[in-house]
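Each remark here refers to the structure printed beneath this line.
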Amino acid sequence: MTAGRGDPELLDDLVGRSLGWLTEWRDHFRLPPDATTDADPNLTLKPLGELAELTQLIASCHPRADFRAAAQGLFTFAWRQAREGELFAELIRGEPHATYPVEIYGAFAQAGLRHPAVEELVLTTTGLRGWRVAREDHTRTLGVLNAERRIGLSQHAAFDAEFALTGLGLLPEPWALDRRAAYGVTHDVFHLTDWGRNRRRLAPEAAGYLRLWLPSWLENWLEEQLWDLVGELLAVAACLPAAPYDAAAWRRLADAQAADGGVPETGAAPRPDDPTEAFRACYHSTLVTAFAGTLARIASEEAGTGPLPVRDAATVAGRTPCESEAAL
């Protein structure tokens with residue numbers, strides 16, 4: 001890995017083609033009629049939530065206006081699928097202690113999209129004793145705390161104390177990092193930095209640990225062709241001070257991208273014939289590629305020209321969407 005400018009042409013090609021695939025396959029993010037009752041949220045709400053989270057970042061922060069517009073179209077689609085917030089009111093009424101409706105709603109609230117009933121409900125449910133029950137997954141707790149901050153709620157636990165108990169916070173032995181722990185470390189970074197918006201939140205010790213070991217981890221999962229994790233690790237690299245750029249890793253990720261812009265989650269095997277299965281095999285890794293490419297492109301532009309100019313996206317609570325000084 002080397003510091004400095006990345007390859008804007010390669011990064012733009014990756015992001016543009018990924019957004020093209022996501023737009024082409026947009027209807028597969030549609031929620032079924034039973035999304036609030038019998039449907040598996042991992043197959044319905046989770047994809048929609050990921051679409052909202054990552055396209056909101058791209059729409060707010062990417063240097064190219066055409067990419068911001070494409071991402072904004074996808075983000076708007078996600079909000080309409082959520083029936084402009086009514087979906088979350090129904091979910092919270094049905095599962096008062098569930099965190100995922102609040103986490104997904106938080107992405108929209110950060111963009112200024114609010115629903116009165118949800119705002120009233122979360123004031124009650126996040127104050128319940130059951131909401132404060134300790135969770136085994138401290139990384140997930142960071143996501144909940146981030147959602148509370150985005151909505152404007154009192155955080156139910158101290159963010160820094162929870163972060164200290166995560167995989168990254170504990171600085172575990174890097175040679176023992178398995179796949180599950182690696183995903184945890186990437187999300188520790190995403191929640192800590194608000195998905196790359198507030199990169200200064202990475203303390204020097206954690207940043208140094210990541211800078212030292214990211215090359216080895218990347219090489220390992222490049223060999224396994226686990227492209228979504230490769231993308232997440234490259235996104236983490238773009239969050240580090242001076243944003244080290246691994247040209248070889250980016251080139252290999254670009255080579256894994258299909259002609260239509262889709263990025264397989266693993267390997268280079270032909271996609272399933274069934275469109276639903278083909279969507280599930282690519283949607284997450286394609287979203288991650290667009291997200292990682294956006295963060296790397298921002299870092300590249302900062303390295304070449306200094307601080308980013310304010311984008312033409314709407315500001316949130318009087319600050320720019322990518323403002324690095326945003327408090328947690």
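Brief remarks follow.
- Qualifying position, being over 25 Å from residue 72 (Cα atoms) and at pLDDT 90 or above, among 292, 278, 299, 243: 243
- Taken over region 159-210, the residue count meeting the criterion of being of a type in the set (D, E, K, R), buried (at least 19 other Cβ atoms within 10 Å of the Cβ), part of a helix (DSSP H, G or I) and touching a residue at least 40 places away in the same chain (Cβ under 8 Å) is 3.
- Number of positions in region 12-55 that are surrounded by fewer than 20 Cβ atoms within 10 Å (Cβ to Cβ) and either closer than 21 Å to residue 295 by Cα or among the charged types (D, E, K, R) (or both): 14
- Matching entry among 226, 234, 212, 222 (being closer than 28 Å to residue 47 by Cβ and over 18 Å from the mean Cα position of the chain (by Cα)): 222
- For region 77-108, the candidate set comprises residues that are under 26 Å from residue 25 (Cβ atoms) and either of a type in the set (A, V, I, L, M) or not in a helix (DSSP H, G or I) (or both); within that set, the residue that is most open to solvent (accessible area, probe 1.4 Å) is 104.
- Scanning region 247-261 for residues that are surrounded by 12 or more Cβ atoms within 10 Å (Cβ to Cβ) and under 11 Å from residue 227 (Cα atoms) turns up 249, 250, 252, 253, 254, 256, 257.
- Candidates 142, 202 - the one that is under 17 Å from the mean Cα position of the chain (by Cα) and more than 26 Å from residue 124 (Cβ to Cβ): 202
- Tally of residues being buried (at least 19 other Cβ atoms within 10 Å of the Cβ), of a type in the set (S, T, N, Q) and not in a helix (DSSP H, G or I) across region 115-158: 1
- For region 249-271, a tally of residues being touching a residue at least 60 places away in the same chain (Cβ under 8 Å) and polar (S, T, N, Q) returns 1.
- Contact map, region 28-42: residues that are modelled with pLDDT of 90 or more paired with residues that are polar (S, T, N, Q), Cβ distance under 6 Å, separation 6+ or inter-chain. Pairs shown: 31/44; 31/81.
- For the criterion of being open to solvent by 10 Å² or more (accessible area, probe 1.4 Å), more than 22 Å from residue 72 (Cβ to Cβ) and in contact with a Gly (Cβ under 7 Å, 6 or more places away or on another chain), residue 225 passes.
The values are calculated or read from the model by the stated rules, or taken from the named source; none is laboratory data. Source: prediction; values computed, not measured. Neighbour counts are summed over all protein chains in view; Cβ atoms, including those assigned to glycine, are modelled from backbone coordinates with ideal geometry. We work out accessible area using only protein heavy atoms, side chains counted, and drop any ligands, DNA or RNA first. Shrake-Rupley method; radii C 1.70, N 1.55, O 1.52, S 1.80 Å.
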